[in-house]
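Data block below; observations after.
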Amino acid sequence: MTLCAFLAVLMVVYVNSSMLFVNPLLSIAGYHSFEVEDPDGHAYTLITRRRDLEPGTVLRPAQINRYIRVEVRHDRENQPH
């Protein structure tokens, strides 16, 4: 009973904190999400296999919808050294 109450509270916090967007299956598959901004100042969510993004990193992601982009191919050669 206590576990069910804890899980219910956890679910409410999870949904209300906008963390619902993070898909557990994407996480298991090794994808991460970042809030990024393009040179024109448009903000969107980027889904990528990169663990971290340095400021100024140039990416060419595919557009999924208006607010979500996915980096289809992550080449290590394109990363800044």
query = For the range 56-68, what are the residues that are outside any strand (DSSP E or B) and under 22 Å from Ile28 (Cα atoms)?
reply = Pro61
ask   = Residue check, Glu77 against (1) modelled with pLDDT under 85; (2) assigned to a loop (DSSP other than H, G, I, E, B), all met but one. Which one?
value = (2)
query = Between residues in the range 33-55 that are assigned to a strand (DSSP E or B) and residues that are loosely packed, with under 10 Cβ neighbours inside 10 Å and basic (Lys, Arg), which pairs lie under 8 Å by C-beta distance while being six or more apart or on different chains?
reply = Tyr44/Arg66
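The values are calculated or read from the model by the stated rules, or taken from the named source; none is laboratory data. Because the structure is a prediction, the values reported are computed rather than measured. With ideal geometry, Cβ positions are generated from the backbone for all residues, glycine too; neighbour counts draw on all protein chains shown.
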